[in-house]
Amino acid sequence: MRHVVALALALLVGGPAHAAVVTVSDGTFDDAGWEIAFTSFRSGPGGGALTGGNVLASQIAGGYPGTARSISIVLPPAPGPTEYSSTFGIHLRKGFLYDPMVQGPIATIDYEEDARLPSQAQLTGLGLRQGGQLYFVQVQVFTSSVWTHLARIGIILSNFEHLTADGVVQGVHPDLTASGGPIEVGFLRANSTGNGSSGGTVLAEIDNWTVRLNPPCSSDAECDDGDPCGTEACVSGACRSTPLPCDDGDGCTIDACAAGACTHTVLVCDDTDACTTDSCTGGACANAPISCDDAEICTADQCVDGSCVHTSVSTEALVEGKIDELLAVARGTCAGEPLVKKFGKKLVKKLKKARAKLAAADAATRAALIAKLLQRSETLLAAADTLLTSAVASGLVGPACGAELKMLLDSIRECAAGVAG
């Protein structure tokens, strides 16, 4: 996937006869480098501020690559059955200030980021503050849990919306001309409840945030920012940069450009658990547990530090577990059938008797006694099997329920037969 990384906060000085192209970016998201301005409000005519909302953010590992920023949007409950609540947060990059009166007017703005959503969809976009007032431009209502590149190129003044304590106001824009005041930039994250819905918390992650402020221009030469990872041109009176195409079409690589050369870094999916197999498909990591099943009914199988361990289980413990499974089946597949009242108690009784014989065999030391106890256990298990067959034939137990119980009985008999052998 295409992924253009601006490595540092940069002020790129242009020629003497025109304003400079200015780029600001962050790919590490140190907490000290960001501040948050947010508001929560209600829908409906005139809107209105709401309490109980919040926006939190912090630097996290597992970025794209390196570190990223995690955002939590807290939504207050909707104020009424026909209204909804919203929380809008504008995250502003500390230490960056663009002054149009000193650095020149802004013709267009380009915005890029990589985004991932651990929870429900939310609105993404460019954020801006000027003279204490907040503005934003929508980029996309984003829904993917896979790192995805988002961009909006050539943003103009009329694309902005005004964010106030009472809600969003249309038709009020920042001043990007040479008479405008100093500007701070950042990114937007916002979400809303449904009508009458309760509040909650929505999570998001962002990495590789970049904003490019483009001055007016009359020729391509005025737009050269000295960055070999893009081609600059003057388009419709505004500078525009086209990033070097580095997308290799593989969602499991992080594609970037540095010093004019493309790099493709394999997405790290290692969860540090030696008992999982880690892989990437379509840009999404999968961590599948290693299967340690040895197909032996009488062993407990587990993975320890990347190695399979098979521990013998006593026949008593095995039957005890199967009784629990039988009761679970009675509450699940067999729920609502006559089994629970008319048949279940008889079957469990025979299994418990068999368990007692197997427990005695586990504890016995004389071979003849062990053989005798195991034979008695098999007689009881066979009787349970006959009881089950009869119950299915008479309609006390349905076919699906009977098949599941038969499987449980067969596994107990298989283990007991293995011990006897």
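Bear in mind that the values in this text are calculations on the coordinates, not laboratory data. These numbers come from a predicted model, not from an experiment. Cβ placement follows ideal geometry from the backbone for every residue including glycine, while neighbour counts extend to all protein chains displayed.
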Checklist entry - By per-residue mean of other Cβ atoms within 10 Å, what is the highest-first order of 182-188, 50-56, 166-172? => result 182-188, 50-56, 166-172
Checklist entry - Whose amide H sits under 5 Å from the amide H of Ile254, counting only residues 5 or more places off or on another chain, with H placed in the peptide plane? => result Thr265, Val266, Leu267
Checklist entry - Taking 1 over the mean of 1/r across every pair of different Cα atoms in region 10-263, what Kirkwood radius in Å do you get? => result 19.0
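Could you work out how much longer the chain between Asp271 and Gln120 gets when fully extended? Use 0.36 nm per residue separation minus the Cα distance between them, nm to one decimal.
On the way: separation 151, 0.36 × 151 = 54.36 nm, distance 2.33 nm.
Gain on stretching Asp271 to Gln120: 52.0 nm.
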Next on the checklist: Per residue of region 75-91, what does 6.51 cos²θ - 1.76 cosθ + 1.60 with θ = phi - 60° give for ³J(HN,Hα)? Whole Hz please, x for Gly and Pro, Karplus curve as stated.
Outcome noted: 9, x, x, 4, x, x, x, 10, 10, 10, 10, 9, 10, 10, x, 10, 9
Checklist entry - Listing His91, His310 from the residue with the fewest other Cβ atoms within 10 Å to the one with the most, what is the order? => result His310, His91
Checklist entry - What span do the alpha-carbon atoms of region 181-282 cover on each of the three principal axes, reported in whole Å from largest to smallest? => result 58, 44, 23
Next on the checklist: If you average the C-alpha positions of region 230-303 and of region 89-148 separately, how far apart do those two centres end up, in angstrom?
Outcome noted: 25
Checklist outcome for this item: With 0.36 nm assigned to each residue of separation and the Cα-Cα distance removed, Ala61 to Ser411 gains 121.4 nm
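Which order do Glu35, Glu113 fall in if you start with the one that has the fewest other Cβ atoms within 10 Å?
Glu35, Glu113
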Item to check | For Gln302, net neighbour charge (Lys/Arg +1, Asp/Glu -1) across residues whose Cβ lies under 12 Å away | outcome: -4
Checklist entry - In a shell of Cβ-Cβ distance under 15 Å around Gly194, excluding Gly194 itself, what net charge do Lys and Arg (+1) and Asp and Glu (-1) give? => result 0
Item to check | Exposure proxy ranking, count of Cβ atoms within 10 Å, fewest first, for Lys94, Lys406 | outcome: Lys94, Lys406
Checklist entry - Under the Kirkwood approximation applied to all pairs of distinct alpha-carbon atoms, what is the hydrodynamic radius of region 94-239 in Å? => result 16.7
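Can you give the net charge of the other residues whose Cβ lies under 15 Å from the Cβ of Gly154, counting K and R as +1 and D and E as -1?
Combined, the nearby Lys, Arg, Asp and Glu give 0.
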Item to check | Residue-span extension gain [Ser197 to Lys94] - 0.36 nm each, minus C-alpha spacing | outcome: 33.6 nm
Checklist outcome for this item: For region 203-213, Karplus-derived ³J(HN,Hα) couplings (6.51, -1.76, 1.60; θ = phi - 60°; whole Hz; x for glycine and proline) come out as 9, 8, 9, 9, 8, 6, 7, 9, 10, 10, 9
